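Only one structure is covered here, and it is reproduced in the block below.
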Amino acid sequence: MQTHFTADQLADPLIAEADGILRNCVHCGFCIATCPTFIVTGDERDSPRGRIWMLREVLESPETITTDTAYHIDRCLGCLSCTTTCPSGVDYPHLLDIGREKLNEMVPRTFTDRVMRQMLGMIIPHSGRFRAMIQLAWVGRLFSWAMPTAMRAALTKIPAQLKQLDPIGGKNAIFPANTKQVKRVALLAGCAQRALAPEINASTVRVLNRLGVEVVVRAEAHCCGALAHHIGEATRAHDAIRAALLAWHDEIRTGGLDAIVVNASGCGTMVKDYGHMMKDDPELAPIAKMVSDACVDVSELIDKLDLESILLPAPVEGRSKVAYHSACSLQHGQKIHDLPLRLLRQAGFDVVQPLNGHLCCGSAGVYNLLQPKMADELKARKLESLDKTGAQFVAAGNIGCIMQLDRDDLPVWHTIQFIDWASGGPRPH
C-alpha cells in the first residue's frame, strides 16, 4: 500500500511504525474470507482490508475522518484471524492499536459509550468489584426499561449465577509441588476469571503441582491490562501492566522463575506482547521483554512435562466426546491450535472440531457488551457448529469464550479442567 505521510507526521513514532505496517499490505483480500464481521455483513468496511484503508486515512488525513469511520473500526473484534491468512505478514493488531488510539482523540464518543467504557475499565479488572457489579446488575435489570439501549443489551450478558470469588490471586501465595520439584512458575490468576470461573485456577494449580511444578501467585499481578487497553482506557492499562511487570520481576530476582503461566489466552496474548508495547519505556522495556519471553500458555508448559505420568486409566468406553473450540487469541494471537487437542486426546477424550473453527465466537474481551448485536450473531453461528459435532462438552482456553458459549445442555469448560479431571481432580461443573 502506498502512503503519503508528511515529514512532520513521520516524526511521531506511532505513525512511523504504522507506515511500515501499511506498506506491507498488497490488497490481496485473503483476509476478507476469514473475517467474522465481513462474513456477517458483506461490507468491505467491516473487513481487514477495508479497515486498513480507513486506518491509513485516520493517520494520514485525519481531517476526513467521520463517526462512520469510528463505527466500522469499533466493529473489529481484534480476533486476529486475518493475521493467520495474510501472506504478507501485515502486523494488523499493532496497526489497529495505533489507529484506535489516534481515532479516540479525533472522534468524540457518545455519552453512553464513554460511560460504559469507563465503567468496564474501572470494574472488570478488579475481580471483587466485578463480582459486586454482577450482583448489582441483577437488581438493575428491574429498571432496564429506563436505560439506554446499549446498557440494556449489556445487562442481558450478565450471568444468572455467581460462584464464590476465587481465593487464588487474592494474596501472595506459593503452591508447592506434590512430587520432586522440576520447575517453578508464576501464575497470572486474572481478574474476570476469578469472579466467573474460580475452578480454572484451582485445576491449573492441581495439575501443575502433580507434575512437579511449584506455582507462585503474586496478588499485585491481578490483571494483564488487556481489557482496558482494547477499549481505550490507556492509563488503567499502563497501571496494570506496570504492576504485573514489577511483581514478576521481583519474583524472578528473588526466587527465580522458569515461566510465567497464563490460562486465559486473551491475557496470554497480551503478556506476550508486553515487550513490544513497552519498548519505548526506558524503565520497563528490559523487564517487559524478559516477561514476554518467559510467558507461556498453560498448554505449552504441560507439553514440556510428563503428562502421561499423572493420568488415570481411562474407562473402556473412553472419557467423553469433547468439541474443541479454538479461542482466537490462542490460535491466531499465539499460533497455538493443535497442542490443546493433542493434550486432550492424550488424556483420553474423544476430541472433535467444529466447522469454521477459525471464526470468532463474538466474545472478544468486552466486545459482546459493546457490540451485542454482532456478538450475538457470531455466537449463534458458533453454537450451531458446535451442536453439529454431537459432543457432550466443549473445551476452550479462554474465559471470554467459555462465558459466551456455555449452555446448560452443552457445558463449556477450560482445557485444563478436563486434564485435571483425567488426572484425579473433580469432574468440572
Revision key, fill the gap. Selection over the range 170-192 where residues are surrounded by 15 or more Cβ atoms within 10 Å (Cβ to Cβ) and either of a type in the set (A, V, I, L, M, F, W, C) or not in a loop (DSSP other than H, G, I, E, B) (or both) yields a count of 12
Review point. Does Ser423 satisfy the condition of being polar (S, T, N, Q) and surrounded by fewer than 21 Cβ atoms within 10 Å (Cβ to Cβ)?
Key: yes
Exercise for review: Please list, ordered by first then second residue, the pairs with beta carbon atoms under 7 Å, 6 or more apart or interchain, first in the range 162-181 and closer than 15 Å to Asp258 by Cβ, second assigned to a loop (DSSP other than H, G, I, E, B).
Suggested key: Ala177/Gly212; Lys180/Gly212; Gln181/Gly212
Revision key, fill the gap. When (1) within 27 Å of the chain's Cα centre (by Cα); (2) part of a helix (DSSP H, G or I) are applied to Glu63, the one that fails is (1)
Check your understanding: Could you list, in sequence order, the residues of the range 196-232 that are over 16 Å from the mean Cα position of the chain (by Cα), closer than 23 Å to Arg427 by Cα and not polar (S, T, N, Q)?
Key -> Pro198, Glu199, Ala202, Val205, Arg206, Val207, Leu208, Arg210, Leu211, Gly212, Val213, Val215
Exercise for review: State all residues of the range 61-80 that are more than 20 Å from Leu227 (Cβ to Cβ) and crowded, with 20+ Cβ neighbours inside 10 Å; if no residue qualifies, say none.
Suggested key: Thr69
Review point. Do we have any residue at all in the range 12-28 that's out of contact with any helix residue (DSSP H, G or I) (no Cβ under 8 Å at 6 or more places or on another chain), under 16 Å from Arg100 (Cα atoms) and not in a helix (DSSP H, G or I)?
Key: yes
Point to revise | Pairs with Cβ under 9 Å, 6+ apart, first in the range 1-30 and in contact (Cβ under 8 Å) with a residue 60 or more places away in the chain and closer than 21 Å to His276 by Cα, second surrounded by 13 or more Cβ atoms within 10 Å (Cβ to Cβ) and among the hydroxyl-bearing types (Ser, Thr, Tyr) | key: Ala18/Thr3; Ile21/Tyr92; Leu22/Thr3; Asn24/Ser88; Cys25/Ser88; Cys25/Tyr92
Check your understanding: Quick one: which of Val58, Val40, Val90 is farther than 20 Å from Leu370 by Cβ and of a type outside the set (S, T, N, Q)?
Key -> Val90
Exercise for review: Output the number of the condition that Cys361 fails; it satisfies all remaining conditions of (1) in a loop (DSSP other than H, G, I, E, B); (2) in contact with a strand residue (DSSP E or B) (Cβ under 6 Å, 6 or more places away or on another chain); (3) modelled with pLDDT of 95 or more; (4) of a type outside the set (Ser, Thr, Tyr).
Suggested key: (2)
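Given the criteria under 19 Å from Gly20 (Cα atoms) and polar (S, T, N, Q), does Ser88 qualify? So that I can check it myself, show each step before the final result.
On the way: under 19 Å from Gly20 (Cα atoms): yes; polar (S, T, N, Q): yes.
Spelling it out, Ser88 is indeed under 19 Å from Gly20 (Cα atoms) and polar (S, T, N, Q).
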Study note, to complete from the structure: Conditions (1) at pLDDT 95 or above; (2) crowded, with 20+ Cβ neighbours inside 10 Å -> Ser292 fails only (2)
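Which one of Val90, Val58 is hydrophobic (A, V, I, L, M, F, W, C), outside the structural domain of Lys382 (by TED's automatic domain parsing), more than 30 Å from Leu355 (Cα to Cα) and buried (at least 22 other Cβ atoms within 10 Å of the Cβ)? Walk me through how you get there before you give the answer.
Values: Val90 fails: more than 30 Å from Leu355 (Cα to Cα).
Step by step, each of Val90, Val58 is checked, and only Val58 is hydrophobic (A, V, I, L, M, F, W, C), outside the structural domain of Lys382 (by TED's automatic domain parsing), more than 30 Å from Leu355 (Cα to Cα) and buried (at least 22 other Cβ atoms within 10 Å of the Cβ).
Please determine whether any residue of the range 130-141 is under 26 Å from Glu251 (Cα atoms), at pLDDT 90 or above and out of contact with any Cys (no Cβ under 6 Å at 6 or more places or on another chain). Outline the logic, then answer.
Going residue by residue through the range 130-141, those that are under 26 Å from Glu251 (Cα atoms) are none.
No, the conditions are met nowhere in the range 130-141.
If we keep just the residues of the range 228-257 that are assigned to a helix (DSSP H, G or I) and among the charged types (D, E, K, R), which is farthest from Asn368 (Cα to Cα)? Outline the logic, then answer.
The initial filter retains those residues of the range 228-257 that are assigned to a helix (DSSP H, G or I), namely 228-230, 234-254.
Going one step further and asking which of them are among the charged types (D, E, K, R), we end up with 236, 239, 242, 250-251, 253.
Values: Arg236: 21, Asp239: 25, Arg242: 27, Asp250: 36, Glu251: 35, Arg253: 40 Å.
This residue is Arg253.
Among the candidates Ser363, Ser385, which residue alone is touching a residue at least 40 places away in the same chain (Cβ under 8 Å) and hydroxyl-bearing (Ser, Thr, Tyr)?
Values: Ser385 fails: touching a residue at least 40 places away in the same chain (Cβ under 8 Å).
Result of the check over Ser363, Ser385: Ser363.
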**Study point:** Any chance Leu344 is surrounded by fewer than 18 Cβ atoms within 10 Å (Cβ to Cβ), aliphatic (A, V, I, L, M) and over 17 Å from the mean Cα position of the chain (by Cα)
**Key:** no
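The values are calculated or read from the model by the stated rules, or taken from the named source; none is laboratory data. Model, not experiment: these values are computed from the prediction. When we count neighbours, we look across all protein chains shown, and the Cβ atoms used for this are built from the backbone with ideal geometry, even at glycine.
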